[in-house]
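Everything below concerns the one structure shown next.
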Amino acid sequence: MNETLNGIQLYFEVHGTGEPVLLLHGFSGSSQDWTALAAEWGTQFQLIVPDLRGHGRSGILTKSFRHSDAAEDLWALLDHLNVTVCKGLGISGGGNVLLHMATMQPERIKAMVLVSATPYFPAQARTIMRQYGNSLPEQQREILRRRHPGGDEQIQAILASTKAFADSYDDMSFTPPHLATIQARTLIVQGDRDPLYPVELSVEMAKAIPKSSLWIVPDSGHGPVIGERWAEFIEAAGAFLRK
């Protein structure tokens, strides 16, 4: 359903019963990415599955995407749903949003699984972000069109935000002392060959977040659990979030 929350149109779905768990897709993804998991986990959790601002069936971006703004949107959503505390699973940009949520209101996030998240954008990521929209293969554009019903206008706004990330230094800027304020049990999952975020950044987060565990996936890039490791990941993430 669509609601006006925090001044924007936000689409979300709620599935299942149990403890509330936010499922947050990656940047340029959508809530549809979780369709299979929602069916699998619906008997264990109450799943809250939004399209982040500017994505999927949420309103088209009118300014550059900021992960901190998306976190504020989701606090408004949880308040709308009368959810006081919850757990979360976020991939890439979704994980970055969870980092903001867990530092904004630490007592409300009980546990979270972060896949390919980062405390800040390193130089190697900025180089990729600056060039990302310039040479997108048609196959990739077609995937974006399927995810984003707002068509090319919506997709262009998303791609413009990717380029803006390259020069953003105040949105993703978590220091170890700031990360140390996180109260959530945190499972950090990272590929050891991620071209965006080197594995050292995940080690840095794991050292700083008090109740954290680190799972480094060998021979893997960004989003290391997508593909052949998905079943193993879902089993481990589900067990972690059920604790």
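The values are calculated or read from the model by the stated rules, or taken from the named source; none is laboratory data. Small disclaimer: the values here were computed from a predicted structure and weren't measured. Glycine gets a Cβ as well: all are built from the backbone with ideal geometry, and neighbour counts include every protein chain shown. The accessibility values were calculated without ligands, DNA or RNA, using every heavy atom of the protein model including side chains. Shrake-Rupley method; radii C 1.70, N 1.55, O 1.52, S 1.80 Å.
Answer yes or no as to whether GLU72 is more than 24 Å from ILE234 (Cα to Cα) and in contact (Cβ under 8 Å) with a residue 24 or more places away in the chain.
It is true that GLU72 is more than 24 Å from ILE234 (Cα to Cα) and in contact (Cβ under 8 Å) with a residue 24 or more places away in the chain.
Just checking, how many residues over region 173-195 are under 17 Å from the mean Cα position of the chain (by Cα) and open to solvent by 30 Å² or more (accessible area, probe 1.4 Å)? Spell out how you get there, then give the answer.
Our first condition is that a residue be under 17 Å from the mean Cα position of the chain (by Cα); within region 173-195, this holds for 173-174, 179, 182, 184-191, 194.
Imposing the further condition that a residue be open to solvent by 30 Å² or more (accessible area, probe 1.4 Å) reduces the set to 173, 185.
Of the residues in region 173-195, 2 are under 17 Å from the mean Cα position of the chain (by Cα) and open to solvent by 30 Å² or more (accessible area, probe 1.4 Å).
Looking only at region 107-121, which residues are open to solvent by less than 20 Å² (accessible area, probe 1.4 Å) and either within 23 Å of PRO195 (Cα to Cα) or in a helix (DSSP H, G or I) (or both)?
VAL113, LEU114, VAL115, SER116, ALA117, THR118, PRO119, PHE121
Where residues in region 77-100 are in a helix (DSSP H, G or I) and free of Cβ contacts under 8 Å to residues at least 60 places away in the same chain, which of them is least open to solvent (accessible area, probe 1.4 Å)?
The selected residue is LEU78.
Give GLU235, GLU142, GLU138 a once-over and let me know the one that is under 27 Å from LEU37 (Cα atoms) and at pLDDT below 95.
GLU142
Does region 55-64 include one or more residues that are free of Cβ contacts under 8 Å to residues at least 60 places away in the same chain, closer than 18 Å to GLY26 by Cα and surrounded by fewer than 24 Cβ atoms within 10 Å (Cβ to Cβ)?
yes
Spot the failing condition for GLU40; the list is (1) assigned to a strand (DSSP E or B); (2) surrounded by fewer than 21 Cβ atoms within 10 Å (Cβ to Cβ); (3) of a type outside the set (S, T, N, Q), and only one is missed.
(1)
Scan region 144-157 and report the pairs whose first residue is in contact (Cβ under 8 Å) with a residue 40 or more places away in the chain and whose second residue is assigned to a helix (DSSP H, G or I) and surrounded by 12 or more Cβ atoms within 10 Å (Cβ to Cβ), with Cβ atoms within less than 7 Å and a gap of 6+ or a chain change.
Within 7 Å, the pairs are LEU144/ILE155; ARG147/GLN32; HIS148/GLN154; HIS148/ILE155.
Could you list, in sequence order, the residues of region 1-19 that are assigned to a strand (DSSP E or B), open to solvent by 30 Å² or more (accessible area, probe 1.4 Å) and either touching a Phe, Trp or Tyr at 6+ places or on another chain (Cβ under 6 Å) or not charged (D, E, K, R) (or both)?
ASN2, THR4, ILE8, GLN9, VAL14, HIS15, GLU19
Residue check: is SER161 assigned to a helix (DSSP H, G or I), of a type in the set (S, T, N, Q), out of contact with any Gly (no Cβ under 6 Å at 6 or more places or on another chain) and touching a residue at least 24 places away in the same chain (Cβ under 8 Å)?
Here the answer is yes, as SER161 does meet what is asked.
Keeping to region 122-149, report how many residues are open to solvent by less than 70 Å² (accessible area, probe 1.4 Å), farther than 27 Å from ASP79 by Cβ and part of a loop (DSSP other than H, G, I, E, B).
2
Pairs needed: first member in region 175-186, closer than 11 Å to LYS207 by Cα and assigned to a loop (DSSP other than H, G, I, E, B); second member anywhere, open to solvent by 50 Å² or more (accessible area, probe 1.4 Å) and at pLDDT 95 or above; C-beta distance under 7 Å; at least 6 residues apart or different chains.
ALA180/PRO210
Do we find that ASP152 is out of contact with any Pro (no Cβ under 7 Å at 6 or more places or on another chain) and at pLDDT below 95 in this structure?
So ASP152 passes the test.
Here is a check on your reading of the model: is ALA236 aliphatic (A, V, I, L, M) and open to solvent by 70 Å² or more (accessible area, probe 1.4 Å)?
No.
May I ask you to verify whether GLN46 is open to solvent by 60 Å² or more (accessible area, probe 1.4 Å) and at pLDDT 95 or above? Explain how you work it out, then say what you get.
On the way: open to solvent by 60 Å² or more (accessible area, probe 1.4 Å): no; at pLDDT 95 or above: yes.
Answer is no for this residue.
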